[in-house]
Amino acid sequence: MKIEEAIDILLTFKYFIHSRKINKILLLLFLGLSFPCIASANKLTILHTNDSHSHLLGFGPNADYSPNTLNNDQTRGGASRIASLIKQRKKALGDEHVLLLNGGDYSMGTLFSTVLPKNGLELQLLNALHYDAITFGNHEFDFHPDGLAKSINSALNQANHLPPIIISNMIFDANDPDDDALEKLWQQKIIRPYIVLNRSGLKIGIFGLMGEKAADVSPNAAPVTFEKPVIAAKRMVALLRDKEKVDLVIALSHGGVIKDPSRKIGWHGDDIDLIEQVPGLDIVVGGHSHTPLEQPIIADNRMTVQAGSKYQFLGELTVGVSAKSVQLKSYQLHKIDDSIRGDENIDRLITDFKARVTEQFLQHHHFSFDEILAETDKDLTKAYDDDVLSNLVAESLLAITHSDIALSTNGVIRDPVIKGKRGYQSVADLFRVVPLGTGVINNSPGNDVLKVWVTGREIKNLMEVLLLGYQMRGQSFFPRLAGFKVIYNGKRIPFDQVMQIQLGNSKTGYHNIEISSGNKKLYSLTINSFVGALTGLIHKLSHGLLDFNPKDKQGNQITDLKKVVFDGDPDQAGIQPVKEWQRFLKTVASLPDSNQNGIADLPRKAEKRLLRQDSYNPVKLFQNASWIMYVTGLIVLFILSITLLLLKKIAGKFTNR
């Protein structure tokens, strides 16, 4: 029955009942009985993912993954499995009551991203899964703004339709043509600052944000820059509330959350800043930190959610929306595993994607997608106390360049090696360990290997920033070493904790090097192009206290990374870049075959190269210290002296009494 018909029926009662009060009561009673759907229409469910990083085949050995059968593999995730669960939840809840959203970093992390500019495979998948809105993460810019634009255009040409791509704090450079292709997509409204959708009888405004810390680790985004997230969010909330008159405001924020027991809310991070500082915002669908939140984090009745990474989880947030408030009704973090049968259509799509990767990329490097390169009898992780995999990554850089030292970070090492059923590791599995980046010279997939020269003090400065970075900004900054050890004292002032740097290896032994500012001797350092780009931030991240100036062999300061790309074949004309992923795969394939079965064996143990030795011993506090520690010591001595004088004076007054 329509509302108009109900009112007509009620009005006929006026001829029999003359009391206005009774008319009102009857009207309200009749509407309440006739339209129970009005109350339930304000109930909305948000299904959400983030940081899928091209993990279409799940999180585990590809040889084990069997999405079309149940209960016979240990693989977590998988795009065809999450597709099935999304369909199930939408059917159970009703499409008209559900939003499907993504918090960014949908690309970069597996072999599928190697053909991103040519195909935009991940965007085609998001379209096939019927996402209502997505935003960019920092890794969408790994192929630079032009490469991102190519991936969007390629996906659009092949799929004919894409989910709305929304980001509201992206700023283009009017004087640099390198972001013009991306800006054209903005002008065509293929990328937009926000969208307004209708679900459950609600008008819902959704906008996207790149987090400040995510932007900091997106050097390839240049010349694109990003407005401060909180400032942009306040501007978008005002627009959506005042102009669009929405009932609910959602931010897709690639910002992240970090546990912080010192705070009342228990967390800090860019997504926490949004719910604490932006009135009028209701929900943040987050990303970047890869955090599987079991329940929303709530501040001032605003909430943020995040669903881990790599399609291992599907978040399901249900809220009740009234004119006065948004109330949490329920939350569930669904695990994606072998209890869910995969969607056959999505599985066929991914099989086609695999064929494209082999044809367009792998065969040119003499690899095949499912080729077995090694085996392991245990999981190898990037946990701080697990050095096997990380040492191997750093050593693979050192092996090709023959530098004095090599350095990588946890942020570059993306996936662990998972044993699975049999321990076999394919090309696709091992590529996921170091899958990121693009070439400095030719923009080809994978980080280039760089060789630079630095002083002992600059090695110390780099380590100082990384040591503080992983504690303040998360595990991505945690350093991984080859060819040297670093001994540091966590009781010293930040930016001056390194006591010793020792060069060498476990076979020949280690020796200390001079790390004072007076030592101008140069040491060769191998890094990948992603870390190389971030070294330009050392001065900024240390608030101007430390410098790091990479040089060429002659000691000339380098500002263009193209000049220090390692040449893999000097006999050929021009620079032949060496890719980090190639070196890692070749290093793994060359490992000893200890059980003589024709397959290389990954090592079980590794030495520790980052050693923490906390001490308040004055010798340890000032060993190889810079001016930072000495000035801090003088300040502490001054404060103690003043305190003692005051205490002595107070004690004298009591004595005189």
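Values quoted throughout were computed directly from the atomic coordinates according to the rules given, and no laboratory measurement underlies them. Here the structure is a predicted model, which is why all the values come from computation and not from measurement. We place every Cβ from the backbone using ideal geometry, glycine too, and count neighbours over all the protein chains shown.
For the reader, a short list of remarks on this structure follows.
- Shape category assigned to the range 446-527 from the gyration tensor of Cα positions, a/c cut at 1.5: rounded
- Relative contact order, whole percent, for the range 38-335 stands at 22, derived from Cα pairs under 8 Å and 6 or more residues apart.
- Relative contact order [Cα under 8 Å, 6+ residues apart], the chain, whole percent: 13
- Loop-located trypsin sites (Lys or Arg not before Pro) across the range 294-325 with a Cβ neighbour count of 10 or fewer within 10 Å are 324, with loop assigned by DSSP.
- Rg over Rh [alpha-carbon atoms, Kirkwood Rh] for the range 407-491: 1.04
- Of the residues 249, 224, 267, the one whose Cα sits farthest toward the positive end of the charge dipole of the range 38-335, with +1 on the Cβ of Lys and Arg and -1 on the Cβ of Asp and Glu, is 249.
- Normalised by residue number, the volume inside the convex hull of the Cα atoms of the range 582-643 is 154 Å³ per residue.
- Diffusion constant of the range 374-612 at 37 °C, which comes from Stokes-Einstein with the Kirkwood Cα-pair radius and 0.692 mPa s, µm²/s: 179
- Span from the the range 426-500 Cα centroid across to the the range 174-248 one, whole angstrom: 32
- Orientation-averaged projection of the chain equals 42.0 nm² [convex hull of Cα atoms, one quarter of hull surface area].
- Overall dimensions of the range 529-657, expressed as equivalent-ellipsoid semi-axes from the Cα gyration tensor (√(5λ), whole Å, largest first), are 54, 26, 11.
- Packing here is the average count of other Cβ atoms within 10 Å per residue, and on that basis the peptides 478-485, 242-249, 552-559, highest first, run 478-485, 242-249, 552-559.
- The range 74-137 and the range 567-641 have their alpha-carbon centroids 36 Å apart.
- Cα shape, the range 207-295, gyration tensor, a/c 1.5 rule: oblate
- Cβ crowding within 10 Å averaged over residues, with 432-443, 354-365, 581-592, 91-102 ranked highest first: 432-443, 581-592, 91-102, 354-365
- Couplings 3J(HN,Hα) of the range 639-650, computed from phi: 5, 5, 5, 4, 4, 5, 4, 5, 5, 5, 5, 5 Hz, in residue order, whole Hz [Karplus 6.51 cos²θ - 1.76 cosθ + 1.60, θ = phi - 60°; x for Gly and Pro].
- Ranked by the mean number of other Cβ atoms within 10 Å per residue, highest first, peptides 325-333, 290-298 order as 290-298, 325-333.
- Anisotropy class of the range 42-120 from Cα gyration tensor, a/c 1.5 cut: oblate
- For GluC sites (Glu not before Pro), the sites in the range 432-516 that DSSP calls loop and that have at most 15 other Cβ atoms within 10 Å are 514.
- Phi-derived couplings, Karplus 6.51 cos²θ - 1.76 cosθ + 1.60 at θ = phi - 60°, listed residue by residue for the range 609-618: 10, 10, 10, 9, 10, 6, 6, 9, 4, x Hz, with x used for Gly and Pro.
- Computed per residue of the chain from DSSP H runs no shorter than four, each worth -39500 (n - 2.57), the mean residue ellipticity at 222 nm is -9500 deg cm²/dmol.
- Since only 388, 407, 342 are under comparison, the one whose Cα sits farthest along the positive direction of the charge dipole of the range 319-430, derived from C-beta charges on Lys, Arg, Asp and Glu, is 342.
- A convex hull fitted around the alpha carbon atoms of the range 279-433 yields 204 Å³ per residue.
- Counting Cα-Cα pairs of the range 38-335 in 5 Å increments starting at 0 gives whole-percent bin shares of 1, 6, 12, 17, 20, 17, 14, 8, 4, 1, 0, 0.
- Think of each Lys and Arg Cβ as +1 and each Asp and Glu Cβ as -1; about the Cα centre, that makes the dipole of the range 374-612 roughly 540 debye.
- For the range 198-352, the Kirkwood hydrodynamic radius comes to 16.9 Å, computed from all pairs of different C-alpha atoms.
- For the pair residue 68 and residue 648, a Förster radius of 56 Å applied to the C-beta separation gives a FRET efficiency near 0.10, rounded to the nearest 0.05.
- Given +1 at the Cβ of Lys and Arg, -1 at the Cβ of Asp and Glu and no other charges, the dipole of the chain around its Cα centre is 2520 debye to the nearest 20.
- Using the alpha-carbon positions of the range 310-401, Rg (one decimal) and Dmax (whole number) come out as 21.6, 64 Å.
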